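The structure appears right after this line, and notes come after that.
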């Protein structure tokens with residue numbers, strides 16, 4: 001099943017603030033996880049920031065799935081993402 005990945009304005013802003021090593025790691029994980037998004041996802045208890053999350057080292061990728069589209073909402077460090 002092929003999914004389309006869409007980044008929100010907030011996610012693009014989050015990526016711009018990261019160093020190049022973190023950007024490459026997150027890009028690699030997004031490509032890997034988007035092949036089977038729910039296989040790697042953890043469902044969030046509170047849906048205020050999103051429905052699911054992926055882990056990429058110390059970073060968390062918060063996203064929603066609608067049909068065949070993965071909407072990446074936030075990409076933040078694990079200390080900051082749930083605040």
With all distinct Cα pairs included, what does the Kirkwood hydrodynamic radius of segment 4-77 come out to in Å, to one decimal, could you say? 12.2
Under a GNM of the chain (C-alpha, springs under 10 Å), which listed residue has the highest mean-square fluctuation: 42, 12, 21? 21
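Which length gain, in nm to one decimal place, applies between residue 35 and residue 19 when the Cα-Cα distance is subtracted from 0.36 nm times their residue separation?
3.2 nm
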With all distinct Cα pairs included, what does the Kirkwood hydrodynamic radius of segment 1-47 come out to in Å, to one decimal, could you say? 12.2
Per-residue [θ]222 nm for the chain (sum of -39500 (n - 2.57) over DSSP H runs n ≥ 4, rounded to 500): -8500 deg cm²/dmol
Relative contact order (%) - the chain, alpha-carbon pairs under 8 angstrom, separation at least six: 34
Any idea how far apart residue 66 and residue 44 come out in nm if each label point goes 7 Å out from Cα toward Cβ? 1.6
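FYI, it's all coordinate maths here, none of it is from the lab. Note that this is a predicted model, so its numbers are computed, not measured. Note that we place each Cβ from the backbone using ideal geometry, even for glycine, and neighbour counts take in every protein chain shown.
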